[in-house]
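The structure appears below as structure tokens.
The values are calculated or read from the model by the stated rules, or taken from the named source; none is laboratory data. Every value quoted in this text rests on a predicted model; they were computed, and no experiment measured them. Here the Cβ positions follow ideal geometry from the backbone for every residue, glycine too, while neighbour counts run over all protein chains shown.
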Amino acid sequence: MPQSTPARYSPLMVTLHWLTAILVFAAFIVGKNMSRLPNHDASKLAPLAIHMMLGITMLVVIVVRFVARRKTPHPAYASTGNAFLDGLGKFAHYALYLLVFLMAISGMALSMQAGLPQIVFGGAGSLPADFFDFAARAMHGFIAPALFLLILLHVGAAFYHQLFIKDKLFARMGYGK
């Protein structure tokens, strides 16, 4: 018996979506505030620890989310009635997964290059003098604004669907019937 296409996402997918959004937002805020602190100040270690834990959690959540997305039924893509915009929407959704994943991976690479786990969580030493010169730092710093812009596009598209197309898109990513 064929399974019908659901009208909304499962509670698991809704939870993972909003958890991802909260983690990305929190990591972005902590990262921006942390970058304003002096580079070699010990006061940078506590926000760095929070930022790293958010990144690790974000990586776990995005991997679980991607696997769950592949294994659970989900609604058909919401159409705008325009093939270009529909293609852009599909691309943007996969790009969001990719950029969140790459953000976490580049953060882990930076952390390992700089020896941060021992410094931040083990109290062994201080931030390296060349912390901002690591190659992974450049990638992490490039992905952050790209991800931010893609999130703005995603939110704008959701409001476009809700307010102009009036297809009740918001209901698909909420709890309820």
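Gly156 versus (1) assigned to a helix (DSSP H, G or I); (2) crowded, with 16+ Cβ neighbours inside 10 Å: which is the lone unmet condition?
Answer for Gly156: the failing condition is (2).
Could you please find all residues in the stretch 75-111 being polar (S, T, N, Q), more than 30 Å from Met53 (Cβ to Cβ) and surrounded by 15 or more Cβ atoms within 10 Å (Cβ to Cβ)?
Scanning the stretch 75-111 gives a single hit, Thr80.
Out of all the residues in the stretch 73-103, which are in contact with a helix residue (DSSP H, G or I) (Cβ under 7 Å, 6 or more places away or on another chain) and either within 14 Å of Ala146 (Cβ to Cβ) or among the basic types (Lys, Arg) (or both)?
Of everything in the stretch 73-103, those that are in contact with a helix residue (DSSP H, G or I) (Cβ under 7 Å, 6 or more places away or on another chain) and either within 14 Å of Ala146 (Cβ to Cβ) or among the basic types (Lys, Arg) (or both) turn out to be Ala92, Ala95, Leu96, Tyr97, Leu99, Val100, Phe101, Leu102, Met103.
Among the candidates Phe148, Phe142, single out the residue that is within 21 Å of Lys32 (Cβ to Cβ) and touching a Phe, Trp or Tyr at 6+ places or on another chain (Cβ under 9 Å).
Going through Phe148, Phe142 in turn, the sole match is Phe148.
How about the stretch 160-175: which of its residues are without any contact (Cβ under 8 Å) to a residue 40 or more places away in the chain and either over 15 Å from Tyr77 (Cα atoms) or out of contact with any helix residue (DSSP H, G or I) (no Cβ under 8 Å at 6 or more places or on another chain) (or both)?
If the condition is that a residue be without any contact (Cβ under 8 Å) to a residue 40 or more places away in the chain and either over 15 Å from Tyr77 (Cα atoms) or out of contact with any helix residue (DSSP H, G or I) (no Cβ under 8 Å at 6 or more places or on another chain) (or both), then Leu163, Phe164, Lys166 are the ones that fit.
Out of Leu23, Leu16, I need the residue that is over 14 Å from Met173 (Cβ atoms), surrounded by 12 or more Cβ atoms within 10 Å (Cβ to Cβ) and modelled with pLDDT of 90 or more. Which one? Walk me through how you get there before you give the answer.
On the way: Leu16 fails: over 14 Å from Met173 (Cβ atoms).
Only one candidate passes the filter, namely Leu23.
So, Ala146, is that one of a type in the set (Gly, Ala, Ser), assigned to a helix (DSSP H, G or I), touching a residue at least 24 places away in the same chain (Cβ under 8 Å) and over 20 Å from Pro47 (Cα atoms) or not? Give the steps one after another, and end with the answer.
Details: of a type in the set (Gly, Ala, Ser): yes; assigned to a helix (DSSP H, G or I): yes; touching a residue at least 24 places away in the same chain (Cβ under 8 Å): yes; over 20 Å from Pro47 (Cα atoms): yes.
Yes: the conditions hold for Ala146.
Go through (1) within 17 Å of Gly31 (Cβ to Cβ); (2) surrounded by 15 or more Cβ atoms within 10 Å (Cβ to Cβ); (3) over 12 Å from the mean Cα position of the chain (by Cα); (4) not polar (S, T, N, Q) for Phe142 and report which single condition fails.
(2)
Would you mention how many residues in the stretch 26-53 are over 17 Å from Gln118 (Cα atoms) and part of a helix (DSSP H, G or I)?
Total satisfying the criteria: 10.
Output the number of residues of the stretch 159-173 satisfying the condition of being of a type in the set (D, E, K, R) and either surrounded by fewer than 12 Cβ atoms within 10 Å (Cβ to Cβ) or in contact with a Gly (Cβ under 8 Å, 6 or more places away or on another chain) (or both). Working first, answer last.
So in the stretch 159-173, the residues of a type in the set (D, E, K, R) come out as 166-168, 172.
Then drop every residue that is not either surrounded by fewer than 12 Cβ atoms within 10 Å (Cβ to Cβ) or in contact with a Gly (Cβ under 8 Å, 6 or more places away or on another chain) (or both), which leaves 166.
Of the residues in that region, 1 qualify.
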